[in-house]
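Only one structure is covered here, and it is reproduced in the block below.
Bear in mind that the values in this text are calculations on the coordinates, not laboratory data. Not measured: the values here are computed from a predicted model. Note: ideal-geometry Cβ built from the backbone for every residue, glycine included; neighbour counts use all protein chains shown.
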Amino acid sequence: MKRIGLRLMAVHPGFVLALGLVFGWVFGLAFASTARAQTAEINALNGKIFDAKMAQQTFAGGLPHCKELDGTNFYFRQRDRVLNLEEYHHSLESLALQRVFNPETKRPWNEEDAIAKWEQVRKQAADDKDNCALVASLPELQKRLDDLQKQAAAQDKQGIK
């Protein structure tokens, strides 16, 4: 062999194999971490889509009223209507003051019952607002999921080639 300014070294074939495995492992990890990140995002989107579809089914009666369900109102299922929180709060206070019979507790309303019911309907108002937002986001969630799945399929094809 002719030397052209570089010193030739004999390299053990095992070293070349090990070096190839290390580089393959590093590049494989980089690809796998991208694939895992996409898989995690796809799984998260699937979970949100499932939640949105469940809200769509369980909150079907309230969905036509979503424009009103902004956190200041709540959907009253028993009467299929929207009630204002402040007006409901005044009604609860009045029931407690007049000591009207409370069928849920089977005794007259008192201040503690009114406070507990008030907290319950405030939470319901927030939940109703969240359900409306979740159902409204369903088409966008499904579009993002489709895009991610197409992207993952394209990366799988590139990884196979």
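Quick notes on this structure:
- Scanning region 110-161 for residues that are surrounded by 13 or more Cβ atoms within 10 Å (Cβ to Cβ) and of a type in the set (D, E, K, R) turns up 113, 117, 122, 127, 128, 129, 130, 144.
- Unique match (being in contact (Cβ under 8 Å) with a residue 12 or more places away in the chain, hydrophobic (A, V, I, L, M, F, W, C) and under 24 Å from residue 49 (Cα atoms)) among 135, 121: 135
- Here residue 126 fulfils each of the conditions (1) touching a helix residue (DSSP H, G or I) at 6+ places or on another chain (Cβ under 9 Å); (2) among the aliphatic types (A, V, I, L, M); (3) closer than 11 Å to residue 71 by Cα apart from (1).
- Among the residues of region 85-109, those identified as hydrophobic (A, V, I, L, M, F, W, C) and either surrounded by fewer than 15 Cβ atoms within 10 Å (Cβ to Cβ) or assigned to a helix (DSSP H, G or I) (or both) are 85, 92, 95, 96, 97, 100, 101.
- Filter result (hydrophobic (A, V, I, L, M, F, W, C), surrounded by fewer than 17 Cβ atoms within 10 Å (Cβ to Cβ) and touching a residue at least 12 places away in the same chain (Cβ under 8 Å)) within region 37-62: 42
- Tally of residues being out of contact with any strand residue (DSSP E or B) (no Cβ under 9 Å at 6 or more places or on another chain) and either among the basic types (Lys, Arg) or in contact (Cβ under 8 Å) with a residue 24 or more places away in the chain (or both) across region 88-116: 3
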